[in-house]
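> I'd like to ask you about the structure that follows.
The values are calculated or read from the model by the stated rules, or taken from the named source; none is laboratory data. The structure presented is a predicted model; accordingly, all values stated were derived computationally and were not measured. Every residue, glycine among them, receives a Cβ derived from its backbone with ideal geometry; neighbour counts consider all protein chains shown.
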Amino acid sequence: MIKFKKKRKRIRRKRLVTREDRILTLANCISISRIVLSFPLVYYLDKNQLNMALSIILLIIFTDLIDGWVARKVDEITHFGKLIDPVADKVCMMVVVIFLVFKIGLPMLIFFFITAIRDIVLITMGVYLMLKQDRVFASNKTGKWFIFTSSLMMLSFILNLNNILSYGLYSISLILFIFSTYYYVKRYLKNFKELKIEDTNVLNI
């Protein structure tokens with residue numbers, strides 16, 4: 001019985017490895033749907049139809065919560081999924097941030113620039129390491145909390161809730177932004193160091 005279980009685990013691992021390069025999986029389609037939903041979101045925000053915009057935002061948040069769970073549940077964790085999940089989050093978030101720049105002004109403009117610069121740098125580093133090491137790094141927990149808190153912050157501004165609540169969430173988002181950036185950079189620098197050691201070892205052979 002124990003041998004059978006071990007054999008079954010090995011088979012499951014092999015299946016998982018063969019699926020890592022797949023693109024059209026259920027979980028990936030759920031992630032991609034967030035990017036698709038950003039287009040009607042822009043439309044309804046522009047038309048000031050907040051009820052429809054709020055419904056789409058809640059749907060986007062729901063898809064963000066379940067795509068990873070679905071991937072693990074059906075053994076469809078893929079390289080593309082690890083890449084598209086944070087990209088989809090950032091696309092949706094930036095759509096709302098750009099809308100709020102025109103509504104709120106300077107605070108959201110600052111938030112937009114620091115987030116955009118950070119994301120461009122991290123995506124560039126991630127793609128470089130993916131090409132060099134054939135590895136794709138998933139979002140870390142602090143990054144997920146940053147996205148979640150930022151979503152709540154943007155919702156509070158869109159719905160014109162209490163300023164203390166809105167700017168409180170804004171401050172928490174900035175703190176999580178700093179921590180998530182630190183952990184991302186630390187992880188990437190560690191892998192750059194490993195890559196340099198590997199290159200040195202190859203040259204010495």
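> Go through (1) in contact with a Cys (Cβ under 6 Å, 6 or more places away or on another chain); (2) over 21 Å from residue 176 (Cα atoms) and name the single condition residue 102 misses.
Here residue 102 meets the rest and fails (1).
> Take the stretch 56-100 and flag every residue that is aromatic (Phe, Trp, Tyr), within 18 Å of residue 41 (Cβ to Cβ) and free of Cβ contacts under 8 Å to residues at least 12 places away in the same chain.
Taking the stretch 56-100 as the starting set, the residues that turn out to be aromatic (Phe, Trp, Tyr) are 62, 69, 80, 99.
Filter once more, keeping what is within 18 Å of residue 41 (Cβ to Cβ): 62, 99.
Answer for the stretch 56-100, where residues must be aromatic (Phe, Trp, Tyr), within 18 Å of residue 41 (Cβ to Cβ) and free of Cβ contacts under 8 Å to residues at least 12 places away in the same chain: just 62.
> Right, residue 102: part of a helix (DSSP H, G or I), of a type in the set (Phe, Trp, Tyr) and more than 25 Å from residue 130 (Cβ to Cβ) or not?
Values: part of a helix (DSSP H, G or I): yes; of a type in the set (Phe, Trp, Tyr): yes; more than 25 Å from residue 130 (Cβ to Cβ): yes.
When the stated conditions are applied, residue 102 passes them.
> Could you identify the single residue in 11, 23, 60, 77 that is at pLDDT 80 or above and either farther than 22 Å from residue 174 by Cα or of a type in the set (Val, Ile, Thr) (or both)? Even if it seems obvious, please write down each step before you answer.
Values: 11 fails: at pLDDT 80 or above; 23 fails: at pLDDT 80 or above; 77 fails: at pLDDT 80 or above.
Criteria check complete, one pass: 60.
> Can you tell me which residues in the stretch 39-78 are surrounded by 19 or more Cβ atoms within 10 Å (Cβ to Cβ) and either touching a strand residue (DSSP E or B) at 6+ places or on another chain (Cβ under 9 Å) or within 14 Å of residue 95 (Cα to Cα) (or both)?
Once the filter is applied, which keeps residues that are surrounded by 19 or more Cβ atoms within 10 Å (Cβ to Cβ) and either touching a strand residue (DSSP E or B) at 6+ places or on another chain (Cβ under 9 Å) or within 14 Å of residue 95 (Cα to Cα) (or both), the stretch 39-78 yields 41, 45, 53, 56, 57, 60.
> Could you please tell me which pairs satisfy a Cβ distance under 9 Å, a separation of 6+ or placement on different chains, a first residue in the stretch 142-154 that is closer than 17 Å to residue 182 by Cα and free of Cβ contacts under 8 Å to residues at least 60 places away in the same chain, and a second residue that is of a type in the set (Asp, Glu) and in a helix (DSSP H, G or I)?
Filtered contacts from the stretch 142-154: 143/89; 144/64; 144/89.
> Can you find, within the stretch 112-131, the residue that is modelled with the highest pLDDT among those that are surrounded by 14 or more Cβ atoms within 10 Å (Cβ to Cβ) and farther than 28 Å from residue 57 by Cβ?
Among them, the one singled out is 125.
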